[in-house]
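Here's the structure, in C-alpha cells; my notes come after.
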Amino acid sequence: MSYLKPKFRHPNLPTNALGYTVADYEGSISTLCAGCGHDSISSAIINACFQSSLEPHKIAKLSGIGCSSKMPTYFLGKSHGFNSVHGRMPSVATGASLANRGLTYIGISGDGDTASIGMGQFVHLIRRNVNMTYIVANNGCYGLTKGQDSATADLGSVSKYGAVNPFDGIDLASLAMLQGAGFVGRSFSGDKEQLEPLIRAAMSHQGFAFIDVVSPCVTFNNHQGSTKSYAETRENLDAMPLDFVPMREEITTQYDPGTTQGVTLHDGSVIHLHKASHEYRTNDRTAALNAVQMATQEGRILTGLLFLDPNSQNLNQNLNIASKPLNELGKNELCPGSRVLNSINEGLR
Amino acid sequence: MDPTDTADPEYFHKVVDCQFACPAHTPVPHYIRLIAQQKYTDAYLVNWESNVFPGVLGRTCDRPCEPACRRGRVEEEPVAICRLKRVAADFKDDVAEQLPKAGKANGKKIALIGGGPASLTVARDLAPLGYALHLYDAEAKAGGFMRSQIPAFRLPETVLDEEVGYVMDMGVTAHFNTYVDSLADILAKDYDAIFVGSGAPRGRDLPSLPGRQEADANIHIGIDWLSSVAFNHVDKIGKKVIVLGGGNTAMDCCRTSRRLGGDEVKVIVRSPYADMKASPWEKEDAIHEGIPIIDNHVPMEFVVEDGKLVAMLFDQVEAVYHEDGRRELKSTGEEPIRVDCDDVLIAIGQENAFPWIETDIGIDFSRWGLPILDPESLQSTLPRVFFGGDAAFGPENIITAVAHGHRAAVSIDLFCRGEDLSQRPAPFVNLMSQKMGIHEWSYDSETTDDARKIVPLVDLKEALNDRVLEVELGFDPQTAFVEAERCLNCDAQTVFEAGNCIECDACADICPTSCINFTQNGPEDELRSRLAVPAENLDQDIYVSQTLQTGRVLVKDEDMCLHCGLCAERCPTAAWDMQMFFYNVAKASPNLVRAT
Ligand SMILES: Cc1cc2nc3c(=O)[nH]c(=O)nc-3n(C[C@H](O)[C@H](O)[C@H](O)COP(=O)(O)OP(=O)(O)OC[C@H]3O[C@@H](n4cnc5c(N)ncnc54)[C@H](O)[C@@H]3O)c2cc1C
Ligand SMILES: Cc1ncc(C[n+]2csc(CCOP(=O)(O)OP(=O)(O)O)c2C)c(N)n1
Ligand code: SF4
Ligand code: SF4
Ligand code: SF4
Ligand SMILES: [Mg+2]
C-alpha cells in the first residue's frame, strides 16, 4: 500500500490564471476504500478550484464525521480546514463565515452526518442562508461504521447483509428547496462533466449552495439490490448537463439556439444549462420540486442545477456584519472607546 | 481507434523505453532491480546473456537507452543505466562456472573474419551448439576496436581481457596475427558459413589540403594513431596538438594527447558545438581535462616552415539551417585564424574498406562500398557469407555490433541446418502479476525523488600522468543503490481488463501524471488532443481499451506513466493489475545462462 503519492507530475499540466497547476490543489493520498465515490468528488473539487483559479489560502474546508467527512484531507492541502464533531459542521461553518466573509467555504458531509445526527443543524444553516457550498456525499449508508442504512437509503433498497429498508428515504435536495435554499443541485460522483461546473457555480453563488451527490460506497453499498450502486445509479440517471463560465472569461462556445439557457449569477458568472427541451425552469421553486418528485416516482435520478435564486440575501448581508474579516479589524475598530459606548447607551435610554 | 492488442509482445516491449532503445534489447529494469537487491552476479549474467560485454559496455557504451529513459521525461536526468551495468561487473562474484561451455561438436565449421565484438558475439552464441569456430584477426589478441581504439583510461585492459576471455575459452580456434587478404582463399576452405566482422578500419584524411604532403611527418590519422598508442608503438606527441573533428574519436585523440605530453591540446571542429557527433558526456570529459573545443572553424591549410609543420589556418564559419533541414557552413568572410601546433590528429570519420574481398566472387556492394545484405538475416548476396558490426552498415558502436552478432548467429545456425532464414525465432516473453496482497506488489513500486548520481573520478593530475589509469572510479554499492532506486520499473506493466471496470474513476483521479482518461473513442489524432493532458509525444503509444459499460473507452497515454501502481491500488475490482513483463531476444543458443 502506498502512503505517498509520487512527486512527479505531467510536465505539460496546464496552469490557471494564478499560474497554478491542478497539483497545487491536491491533498494527501486518500485512505478511503479503493473505488469510493467520495474520492471522485474530492477530485471534482480539486478541478473546480483549479479551473476557477481560487487562491488555496482563501478557501476553508469544513466537515463532520464519516468517510465523507474525512475527504477534506484529500484535497486542497494548502487551505484551511476544520474537522468538527459528528453532525456539527453547520455551527462551525456559521461562525467561521460570520467571522471572515473573505473566504470561500466548502462544507463536506455525509448522508449520516447531515440527514441523521446533523439534521437539526443542517436545516438552520439553510434557514440562515450561510454563504457556503455544502456538499453531501450521499451513499445511503454509514460507510465509516460498516454500512448501516442511513436516513437517505431508499425504500426497498437491500443492505449488504440482506435486510430490505422499510422506510422512505429523506430527499435532501427537496428538503433544501422546501427550506428556502437559494442554490440546490444534485449530481453523481461518476459524472464529473456535470459535477465540476456545478461545484464551480455553487462556489460563485453568494449564499447557501447545496449539492447532493450520489457517491457509491463500493464496500458496503455497491451490490445488487442497492439503489445507490454505480450500476443502478448509472441505469437511472437523468442528467441535465451544464457549463460554467466565470465572470472574467469571455463566452466563446457557440450553442445551437433553443438547446441552451443561460443563468447569470450575482458575481457575473454564467451557468449554461443544456437540454432546454426539458423546459426546465431553474428559477421556479415549485416547478423544481415537482420535477424532482415526478422523476423520483418514475425511478429517475434527476441531476443538474435543480433550483437557483441568484439574488438571495445571505446571513452576512442580513445581519449587516462588518464587510472586513474580523481578523483584519484594528484595535480602534474593535474597541471604539467610551465615546462610542456612551452614544450607544444614549440610544438605549 | 481499435482496442490496443496487448497480446502482441511489441506493445509492452515499447513501453520499456530503455530496453526498446537498446539494440540488443537488454532487460534493463530487470538488472537494475537485481543491483538494488545486491544480486550483482545475477545482474551481470542477465547482461552477459544479452550483451556479452557488460564490464566493457558499463564503461564505454554509447547508451542509446539513456536518452530514451522515461525518467528523463518526468525530471531532468535519466537513470545512469550504463554505469549501473558497470556496478554489476565490478561487484559480481566469479562467474566462470556459470557460463556455458562449448557444446558437443556438431560437425559444422564457421570462419569469423575479424575479432571485434560482432565476431565474438557470433562465437559466443554458436559455441554451445557445437560449432567449430575459427577466428581470424590481424592483431595479436581478440577485441577489435575495443582493444585498439578505446583508450585504456576509459577501458582497462584487464576488463577487456576478462570478457574476451569468456568467449575465447568456449573453444574458439584463434588465428591471430593473420590478416586475411583474400576471401576467395577462405571460401576455398571447407567452412559451412563465413561471418565478416572486419569493422570499418579506414580513417578519413584531408589529402588535398595545402601543406598536407609537406607536413606529413606531424600529421596522423586518428584511428591509426590511437592503435599505435594502444600497442605501445607511440608514446609521445608534441606540446601543441590540434585535433580535427567532433566525434568520439576526436575526444579519445585529444584526451590521449594530454597524457602523452600534449600541454596545449585543442579540438577544432567545423560544425557548431551543439551539432558535434560526440556524446555529451565525452565532450564534458574532454573539457574537464582542460581541452578547449573550438567550433565553427573549417581547416584551410597546414602551414609549413623550414619543412616542418608549425600551424594551421582556419576559415571561420556560421551555420545556416535551411528549411529542408540542410545545414550550410557559411564563411564569415573574416581573416583566416592561425593556430600554432606541433602535431595534428585527423579524426573526421571512418570508412569501410574491403580490399581483401574479390569483386568476382558473388558478394555485391552498394555505391557506397557497403555489402548488400538482407537487413534482418544479415546474409550477403553470397548465401554462405554473413556480415555484422561496423562492416555491415558502416561505423556504429559496440552494442550494435553485439546485436548484429546475435542476429547473424541465428541466421548462420538456420543456414547450417538448412532452414528458412526468414522464419526467425520469436522472442521469449513472460507476463506475471505482481500482486502480493490487496495493495501490495512484489516490486518496489514507490518512486524516489533523488537526482542522478555522479560517478566519482580519480584526481585529474594523476590521470593526466598515466595513460592507462582508469579515470572513472565507478559507483560504490550505496550510491549504486540510490541510483538503482531511481529506475521507474517500466517493465511493471499496467494491464487493464475492461470487463472488470465499473468506471468509478479512481484510477484517473489518483494517477500522479494524468495518464488515464475515460472518454468517447475517436480517431487517434483527435483522441490524443482530447486527453486530460493532450498526448503530444507521438513516439509514445496510447492504450485504448475495449468499449466500457457507459459506451466510453479507457485511454492511457504511456508517455509519462511512472509505473507506480497507484491505479491498480485504487481499483476496487482489480480491473488494473501490475504485471511484470520480461522480454528477451531469441539467441541461437537458448538457455545460455541460468535464468534469474
Ligand atoms: C576511437 C574510437 C573510439 C570508440 N569508442 C567507442 C565507445 O566508447 N563505445 C562504443 O560503443 N563504440 C566505440 N567505438 C566504435 C566501436 O569500437 C566499433 O563500433 C566496434 O568495435 C565495431 O565492432 P566490430 O566487431 O564491427 O569490429 P571492430 O571492433 O572494428 O573489429 C574488427 C577487427 O577485424 C580485424 N580485421 C579487419 N580486417 C581484417 C582482415 N582482413 N583480416 C583479419 N583481421 C581483420 C581488425 O584488426 C579488428 O580487430 C569507437 C571507435 C573508435 C574508432
Ligand atoms: C456523536 C457520534 N455518534 C456516532 C458516531 C459514529 N459514527 C461515525 S461515522 C457515522 C455515520 C457516518 O455516515 P455518513 O455521514 O453517511 O458518512 P459515510 O461514512 O457514509 O461517508 C456514525 C454514526 C460518532 N462518531 N459520533
Ligand atoms: S466504507 Fe464506503 S464510504 Fe467508506 S471509504 Fe469505503 S467505500 Fe467509501
Ligand atoms: S526508468 Fe528504468 S525502466 Fe524506465 S526507461 Fe529508465 S531505466 Fe528503463
Ligand atoms: S502506474 Fe497507473 S497511476 Fe501510476 S503513473 Fe502509471 S497509469 Fe498512473
Ligand atoms: Mg454515508
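The values are calculated or read from the model by the stated rules, or taken from the named source; none is laboratory data. This structure is a prediction, so every number in the text was calculated from the model and none was measured. Neighbour counts are summed over all protein chains in view; Cβ atoms, including those assigned to glycine, are modelled from backbone coordinates with ideal geometry. Remember, those area values only see protein heavy atoms, side chains included, never the ligands or the DNA or RNA. Shrake-Rupley method; radii C 1.70, N 1.55, O 1.52, S 1.80 Å.
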29 Å Cα-Cα reach of residue A:228 towards lysines, excluding residues that sit fewer than 8 places from it in its own chain = A:61, A:70, A:146, A:160, A:192, A:275, B:556
Using a 1.4 Å probe and counting only protein heavy atoms, arrange B:32, B:294 so the residue with the most accessible area comes first.
-> B:294, B:32
Given a 1.4 Å probe and the protein chains all in place, what does the accessible area of residue A:321 round to, in Å² to the nearest 10?
-> 50
Can you pull out the buried accessible area for chains A and B, both sides counted, probe 1.4 Å, rounded to the nearest 100 Å²?
-> 2500
Looking only at other chains, what is the average number of their beta-carbon atoms within 10 angstrom of each beta-carbon in A:209-222?
-> 1
May I ask for the distance between the Cα centers of the range B:96-132 and the range B:273-293, given as a whole number of Å?
-> 38
Carbon-plus-sulfur fraction of the accessible area of the range B:492-582, 1.4 Å probe, in percent?
-> 47
Peptide ranges A:218-227, B:151-160, B:227-236, A:62-71 listed from the most packed, as the mean C-beta count within 10 angstrom indicates | A:62-71, A:218-227, B:151-160, B:227-236
Provide a list, ordered by number, of residues in the range B:446-467 showing at least 50 Å² less accessible area with every protein chain present than when their chain is taken on its own, using a 1.4 Å probe.
-> B:449
From most to least accessible, 1.4 Å probe, no ligand or DNA/RNA atoms counted, A:22, A:130 line up as A:22, A:130
Sorted by packing (mean other beta-carbon atoms within 10 Å per residue), highest first, where do B:110-118, B:372-380 land?
-> B:110-118, B:372-380
Within 10 Å of each Cβ of B:565-572, how many other protein chain Cβ atoms are there on average?
-> 4
Go through B:578, B:4, B:422 and say which Cα lies farthest out towards the positive end of the charge dipole of the protein assembly as shown; charges sit on Cβ, +1 for Lys and Arg, -1 for Asp and Glu.
-> B:578
Mind putting a number on the dipole of the range B:203-348 about its Cα centre? Charges go on the C-beta only, +1 for Lys and Arg and -1 for Asp and Glu, and I need it in Debye to the nearest 20.
-> 300
Taking 7 Å along the Cα-to-C-beta vector as the label spot, tell me the residue A:12-residue B:473 distance in nanometres, rounded to one decimal.
-> 4.3
Starting from the Cα of residue A:78, step 7 Å toward the Cβ, then list every residue of the range A:35-58 with an amide N under 16 Å from that point.
-> A:46-58
The FRET efficiency for residue B:448 and residue A:349, from their Cβ-Cβ distance with R0 = 56 Å and rounded to 0.05, is 0.15
Carbon and sulfur: what percent of chain A's accessible surface (1.4 Å probe)?
-> 53
Apply 1/(1 + (r/R0)^6) to the Cβ-Cβ distance of residue A:21 and residue B:546, taking R0 = 25 Å, and write down the FRET efficiency to the nearest 0.05.
-> 0.20
Rounded to whole angstrom, the alpha-carbon centroid of the range B:320-393 lies from that of the range B:1-68 at a distance of 29
Please figure out what share of the DSSP beta bridges in the protein assembly as shown is antiparallel and state it in percent, rounded to the nearest 5.
-> 50
Roll a 1.4 Å probe over the protein heavy atoms and report the accessible area of residue B:560 in Å², nearest 10.
-> 10
Between the range B:537-570 and the range A:110-162, the alpha-carbon center distance in angstrom | 35
Within chain A, what percent of beta bridges assigned by DSSP are antiparallel, to the nearest 5?
-> 35
Heavy atoms only, probe 1.4 angstrom, no DNA, RNA or ligands counted: give me B:351, B:558 ranked by accessible area, highest first.
-> B:351, B:558
Nearest 20 debye, what's the magnitude of the dipole of the range B:1-135 about its Cα centre given +1 on Lys and Arg Cβ and -1 on Asp and Glu Cβ?
-> 560
Order these peptides, A:325-335, B:570-580, B:404-414, by their mean beta-carbon neighbour count within 10 angstrom, highest first.
-> B:404-414, B:570-580, A:325-335
Amide N of the range A:165-208 lying under 20 Å from the label point, which is placed 7 angstrom from the Cα of residue A:298 along Cα→Cβ | A:171, A:173-174, A:185-188
Inter-label distance, nm, simple model (7 Å from Cα along the C-beta direction), residue A:283/residue A:167 = 3.9
Treating the angle as unsigned and between 0 and 90°, give the value, to the nearest 10°, between the Cα long axis of helix A:119-128 and the longest Cα principal axis of chain A.
-> 50
Using θ = phi - 60° and Karplus 6.51 cos²θ - 1.76 cosθ + 1.60, couplings along the range B:524-540 (whole Hz; Gly, Pro as x) | 3, 4, 6, 4, 4, 6, 9, 6, 3, 10, x, 8, 8, 7, 6, 6, 9
Measuring from its Cα centre, the range B:492-582 shows a charge dipole (+1 at each Lys and Arg Cβ, -1 at each Asp and Glu Cβ) which, in debye to the nearest 20, is 240
Solvent exposure of the protein assembly as shown as accessible area per residue, Å², 1.4 Å probe = 43
Note down the nm distance, to one decimal, between modelled labels 7 Å out along Cα→Cβ at residue A:339 and at residue A:320.
-> 2.2
Partner shielding of B:498-509, taken as the mean number of other chain Cβ atoms within 10 Å, equals 5
Within the accessible area of the range B:165-309 (1.4 Å probe), percent carbon and sulfur = 49
Calculate how many DSSP beta bridges within chain B are antiparallel, expressed in % of all such bridges and rounded to the nearest 5.
-> 60
Given a Förster radius of 22 Å and the C-beta distance between residue B:440 and residue A:28 as r, what FRET efficiency does 1/(1 + (r/R0)^6) yield to the nearest 0.05?
-> 0.60
